[in-house]
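J.: I'd like to ask some things about the structure below.
The values are calculated or read from the model by the stated rules, or taken from the named source; none is laboratory data. Computed from a predicted structure; not experimentally measured. All Cβ positions, glycine included, derive from the backbone under ideal geometry; neighbour counts span all protein chains shown.
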Amino acid sequence: MASEAIKGAKVLMVGAGGIGCELLKTLALSGFRDIHIIDMDTIEVSNLNRQFLFRQSHVGQSKAKVARDAVLKFRPHINIKPYHANVKDPEFNVDFFKQFNVVLNGLDNLDARRHVNRLCLAADVPLVESGTTGFLGQVTVHVKGKTECYECQPKPAPKTYPVCTITSTPSKFVHCIVWAKDLLFAKLFGDKNQDNDLNVRSSDAASSSENVEDVFVRRNDEDIEQYGKKIFDHVFGYNIELALSNEETWKNRNRPKPIYSKDILSDELAQPNGNVDKKCAFDDEFSVSAMASLGMKNPQDIWSLKENSRIFLEALRLFFTHRGKDVGNLTFDKDDQLAVEFVTAAANIRAASFGIPPYSLFEAKGIAGNIVHAVATTNAVIAGLIVIETIKVLQNDIKSYRMTYCLEHPSRKMLLMPVEPFEPNKSCYVCSETPLSLEINTKRAKLKDFVEKIVKAKLGMNLPLIMNSSNLLYEAGDVEDDMVAIYSANLEKVLAELPSPVTGGTMLTVEDMQQEFVCNVNIKHREEFDEEKEPDSMVLSGWTQHVSAPENKDKPAANNGASTSGASVPAAESDEISIVSPTKKRKLTDVPNAPGNEARNHQDELQVIDDEDDLVMLEGNMEGFKKRKLS
Amino acid sequence: MDGDGEELTAQETALYDRQIRVWGADAQRRLSKAHVLVYGMKGTIAEFCKNIVLAGVGSLTLIDDRIASEEAFSSNFLIPPDENVYGGKTLAQLCCDSLKDFNPMVRVSVQKGDLSSFDVEFFNNFDVVVVSSCSLPAKKLANEKCRKISKRVAFYTVDCRDSCGEIFVDLQDYKYSKKKLEETIECHLRYPSFEEALSVPWKELPRKTSKLYFAMRVIEKFEEAEGRSAGEVSVADLPGVLKLKKELCAVQSLNESHVPDTLLERLVTSTLEFPPVCAIIGGILGQEVIKAISGKGDPLKNFFFFDAFDGKGIIENISNSNA
């Protein structure tokens, strides 16, 4: 019976990375014969330790295509169709999804997961979702109307820091990393037109911002060594002095120490041009390295303040001498060695000012790049569990569906813990039709703000369309020429001044044509917002608040989201992770004891995955690798 | 516990970046010096080998003199299904050819011979020994030989039948460190040998002990009594197996409901491994071996069971003291 269901199945895999390689192999061995696989990524060296279908010689090639070829070597007669593409591309629409019996996610980011969830709901195709981080992992089954959808549980928001913590009062190394990466690096090498808080807090009291702005621009004839030292002294010396002048700030804090290049590098200043080896040759722009240039090799070493200062100046110099054409349009990339060197050194020097212990380049790279821990074994286990659930889904064996957690420490003797899936959350804005509500200043916020901060960032829509009753306010994607001008004019308008005004009490309809997903948003006008706590100046609420509604009292599924502060284990696999904030407790309270099901008997005290420390137990001094980003 | 002082090369750091972030550079160095022996190249062992070759152990030695057949590659992705390639070669040779390709930094080689024919001196070449698909006496004997060596050799047995899998672990006298909150604490575990574990009277085990533990012992005994090799049973043997179960339960004063007939029926009916279970058991085993080599993290003591039917992956401590 199972084998017939498997042979006839047509499955879509999204992701050919860590989980994907294992999954494709296990599907093929288990007898699946028709597998389509989408992945937009190409192979990198750091994939090879776990993505076992790939070899050194494949670096740079499409993951989906190489994975296919590798599996056909041991299962030559099955059909594997690769797509080297983004799952959010319009060709992967609801009709495309409808051709599959089941969709299997092995993704690395929340955005794509939500997108696939909506397409699966719209196409009414079951979804088996998965994620891993380090030794932790999970597999969940989402079948429309039967179990909760991927978005029935609110997902933890990416970690953000108050601006002043970053600009003025860092207390952890990660604050220094965020400062070095999102402010200093962006200021020196990024787009000059971007807003940047680097100087705002520290200097606007003392000097005009235009003057300060000049410091960062390198004059045409300016000697690069002099320029580097000027930047160094400005950001690590002068700016700290300015901050110190604000006595109020330091009443209950340790006062930072200004650092000037001449004090750190006094011996080298004696030589006219420093002592860096300028003959060092680099093969290509990505191999340009301040470490190589200074003869430093081990990325695990923790540098002294002097070494950090030398790396800082050398990296800055190399950007201008070897990568001048990039300067002005760089964004931080964890695979850009020189950028990682610069950010590590800058963060360490700032950390030294504030009495925060320094980190190695290896560790700093992990924090700056939000690199997720990943090992082959967890991915293999998770892939096995995905296939087991997939077979149940194909047999429509609803009673046997389980979500399974792969744990690092056993809970009630279990390393692999199956739990019955929850029912759909009746107030989920994605899989039910519950409206959301939005507090917003309709006299100040523009339609553009609503689109960026709510529709795209919070609702995860790709190609949105916004309507106020029957009036179209905005539509993304292919629209007629005459409408383009109207929409772009609308984007710049304040909500209350739109052609059909949006004010308190308005119900907006937001729709994504590709995801075939609609939701309604009740607008509530509000004048003031707390700048630190509500940096968007908007507060979206809805499905999280509704959960404990009385009529849901005897519906356990509805309860589990509401009664806990966090979400499930949002494990995620791979490099460009956007949320991996692991492990808020998910208490499985009030789950009914299904008769004869012994797995259910002790769930009152059952807690899936404990605290964050467990996660990094083998590398105790590394902080959680959450997305850390200035709002 | 220091990492022997040698640094990882730039190549190693780049390749192993993501896992060094999980277990640390010193653990990675210890892995690269470890020598692993596996016996019995079926699907679960293939999964395990893939995992530790990717992780970057120093060397891996494979033993399995059986000539490749169609059954062999049903759940083993290391064997190409092309008769022109596999024809006449042993399973160990074929798997070795594939595994070499996975990670050029790991030495993979083949040793010929039967498990029972190797002496203590031979096992002394290894830090980890994993045996699969072999008889109960052969497992016990290999375990005893490993225990005679003055250095600690980590010993494992692993088997998958139908949608069930079992791992046994013997780390002898094992000290390791683990992080608890901010502190690193030293831990000490004492493991029984395979023979000692199996001799624990059934009635002394907790009532909720995994039913798979008993079922696997019944099948193992049956195969031994009938002179079969591991996995050489079929549904025709069910009456004999059920009879043996009755006898064993009587001798051990265990209520027969702890060894359900339906479970035994599954285990004798389908002798082929179920690939998802191979992946799961091979993954857990890989993780355990990495823990034992690196000396980091709680190792499991001393049995692990997985059954795809209920989806639970359970650790059972079956030892004399039961402490």
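J.: Just give me the residues in the range A:1-25 being within 25 Å of B:Asp17 (Cβ to Cβ) and part of a helix (DSSP H, G or I), in sequence order.
T.: Answer for the range A:1-25, where residues must be within 25 Å of B:Asp17 (Cβ to Cβ) and part of a helix (DSSP H, G or I): A:Gly18, A:Ile19, A:Gly20, A:Cys21, A:Glu22, A:Leu23, A:Leu24, A:Lys25.
J.: Quick one: which strands (runs of 3 or more DSSP E) lie wholly within the range A:344-453 and hold at least 1 residues that are within 30 Å of A:Gly505 (Cβ to Cβ) and in contact (Cβ under 8 Å) with a residue 40 or more places away in the chain?
T.: Filter on the range A:344-453 gives A:436-440.
J.: Which ones in the range A:32-45 are surrounded by fewer than 19 Cβ atoms within 10 Å (Cβ to Cβ) and in contact with a helix residue (DSSP H, G or I) (Cβ under 7 Å, 6 or more places away or on another chain)?
T.: Matches in the range A:32-45: A:Arg33, A:Thr42, A:Val45.
J.: For A:Met467, work out the one condition from (1) surrounded by 20 or more Cβ atoms within 10 Å (Cβ to Cβ); (2) in a strand (DSSP E or B); (3) more than 14 Å from chain B (Cβ to nearest Cβ); (4) in contact with an Asp or Glu (Cβ under 8 Å, 6 or more places away or on another chain) it doesn't fulfil.
T.: Unmet condition: (1).
J.: I'm trying to understand the selection: among the residues of the range A:511-528, which are assigned to a loop (DSSP other than H, G, I, E, B) and buried (at least 18 other Cβ atoms within 10 Å of the Cβ)?
T.: The answer is A:Met513, A:Gln514, A:Gln515.
J.: Test of understanding: among A:Glu420, A:Glu408, which residue is in contact with a strand residue (DSSP E or B) (Cβ under 7 Å, 6 or more places away or on another chain), acidic (Asp, Glu) and within 14 Å of another protein chain (Cβ to nearest Cβ)?
T.: Just a single option satisfies the conditions, and that option is A:Glu408.
J.: I'd like the full set of residues that are more than 10 Å from chain B (Cβ to nearest Cβ) and crowded, with 24+ Cβ neighbours inside 10 Å, limited to the range A:387-404.
T.: A:Val393 - this is the single residue of the range A:387-404 that is more than 10 Å from chain B (Cβ to nearest Cβ) and crowded, with 24+ Cβ neighbours inside 10 Å.
J.: Taking into account only those residues within the range B:206-260 that are touching a Leu at 6+ places or on another chain (Cβ under 6 Å) and among the acidic types (Asp, Glu), which is nearest to B:Cys164 (Cα to Cα)?
T.: So the residue we want is B:Glu220.
J.: Specify which of the listed residues (B:Gln28, B:Gln93) is surrounded by 18 or more Cβ atoms within 10 Å (Cβ to Cβ) and under 16 Å from A:Asn49 (Cα atoms).
T.: B:Gln28 is the lone residue from the list that is surrounded by 18 or more Cβ atoms within 10 Å (Cβ to Cβ) and under 16 Å from A:Asn49 (Cα atoms).
J.: On to the next question. Say whether the condition of being more than 27 Å from the chain's Cα centre (by Cα) and part of a helix (DSSP H, G or I) is met by at least one residue in the range A:475-482.
T.: Checking the range A:475-482: at least one residue is more than 27 Å from the chain's Cα centre (by Cα) and part of a helix (DSSP H, G or I).
J.: Would you check if A:Ser500 is out of contact with any helix residue (DSSP H, G or I) (no Cβ under 9 Å at 6 or more places or on another chain), over 30 Å from A:Lys98 (Cα atoms), touching a residue at least 12 places away in the same chain (Cβ under 8 Å) and not aliphatic (A, V, I, L, M)?
T.: Against the criterion (out of contact with any helix residue (DSSP H, G or I) (no Cβ under 9 Å at 6 or more places or on another chain), over 30 Å from A:Lys98 (Cα atoms), touching a residue at least 12 places away in the same chain (Cβ under 8 Å) and not aliphatic (A, V, I, L, M)), A:Ser500 qualifies.
J.: Shifting gears a bit: Those residues that are surrounded by fewer than 21 Cβ atoms within 10 Å (Cβ to Cβ) and aliphatic (A, V, I, L, M), I need them from the range A:46-62; list them, please.
T.: A:Val59
J.: Just checking, does the range A:515-522 include any residue being farther than 27 Å from A:Asp89 by Cβ and among the aliphatic types (A, V, I, L, M)?
T.: No, because not a single residue in the range A:515-522 is farther than 27 Å from A:Asp89 by Cβ and among the aliphatic types (A, V, I, L, M).
J.: Here is a further query. If you check A:Asp301, A:Asp326, which single one turns out to be at pLDDT 90 or above, under 30 Å from the mean Cα position of the chain (by Cα) and not polar (S, T, N, Q)?
T.: Testing whether each residue is at pLDDT 90 or above, under 30 Å from the mean Cα position of the chain (by Cα) and not polar (S, T, N, Q) leaves just A:Asp301.
J.: Now for a separate question. Sort through A:Gly384, A:Gly366 and tell me the only one that's within 12 Å of chain B (Cβ to nearest Cβ) and in contact with a Cys (Cβ under 8 Å, 6 or more places away or on another chain).
T.: A:Gly384
J.: Let me ask you something else. Every residue in the range B:17-61 that is within 14 Å of another protein chain (Cβ to nearest Cβ) and basic (Lys, Arg), please.
T.: B:Arg18, B:Arg21, B:Arg29, B:Arg30, B:Lys42, B:Lys50
J.: Moving on to the next point. Exactly one condition in (1) away from chain B (no Cβ under 14 Å); (2) free of Cβ contacts under 8 Å to residues at least 60 places away in the same chain is false for A:Gly15; which is it?
T.: (2)
J.: Now for a separate question. Which residue is modelled with the highest pLDDT, if the candidates are limited to the range B:74-90 and must be more than 10 Å from chain A (Cβ to nearest Cβ) and crowded, with 18+ Cβ neighbours inside 10 Å?
T.: So the residue we want is B:Thr90.
J.: Could you list all residues from the range A:75-127 that are in a loop (DSSP other than H, G, I, E, B), within 14 Å of chain B (Cβ to nearest Cβ) and among the hydrophobic types (A, V, I, L, M, F, W, C)?
T.: A:Ile78, the sole residue that qualifies.
J.: Name the helices (runs of 4 or more DSSP H) wholly inside the range B:100-201 in which the number of residues that are touching a residue at least 60 places away in the same chain (Cβ under 8 Å) is 2 or more.
T.: Here the list reads B:136-148, B:194-198.
J.: For residues in the range B:291-323 being at the interface with chain A (Cβ under 10 Å from one of its Cβ atoms) and without any contact (Cβ under 8 Å) to a residue 12 or more places away in the chain, which is surrounded by the most Cβ atoms within 10 Å (Cβ to Cβ)?
T.: Here the residue is B:Gly311.
J.: What is the residue count in the range B:267-290 for residues that are in contact with a Gly (Cβ under 8 Å, 6 or more places away or on another chain) and surrounded by fewer than 24 Cβ atoms within 10 Å (Cβ to Cβ)?
T.: Number satisfying all stated conditions: 1.
J.: Moving on. In the list A:Asn105, A:Asn86, A:Asn93, which residue meets the criterion of being at pLDDT 95 or above, out of contact with any Ser or Thr (no Cβ under 7 Å at 6 or more places or on another chain) and of a type in the set (S, T, N, Q)?
T.: A:Asn86
J.: OK, next. Under 30 Å from A:Ala380 (Cα atoms) and more than 14 Å from chain A (Cβ to nearest Cβ), is that true of B:Thr269?
T.: Criteria not met by B:Thr269.
J.: Kindly indicate whether any position in the range A:320-343 is free of Cβ contacts under 8 Å to residues at least 12 places away in the same chain, farther than 19 Å from A:Trp179 by Cα and of a type outside the set (Gly, Ala, Ser).
T.: For the range A:320-343, residues free of Cβ contacts under 8 Å to residues at least 12 places away in the same chain, farther than 19 Å from A:Trp179 by Cα and of a type outside the set (Gly, Ala, Ser): present.
J.: While we're looking at this one, here's another question. Please state which one of A:His77, A:His142, A:His58 is over 30 Å from B:Asp298 (Cβ atoms) and out of contact with any helix residue (DSSP H, G or I) (no Cβ under 8 Å at 6 or more places or on another chain).
T.: A:His77
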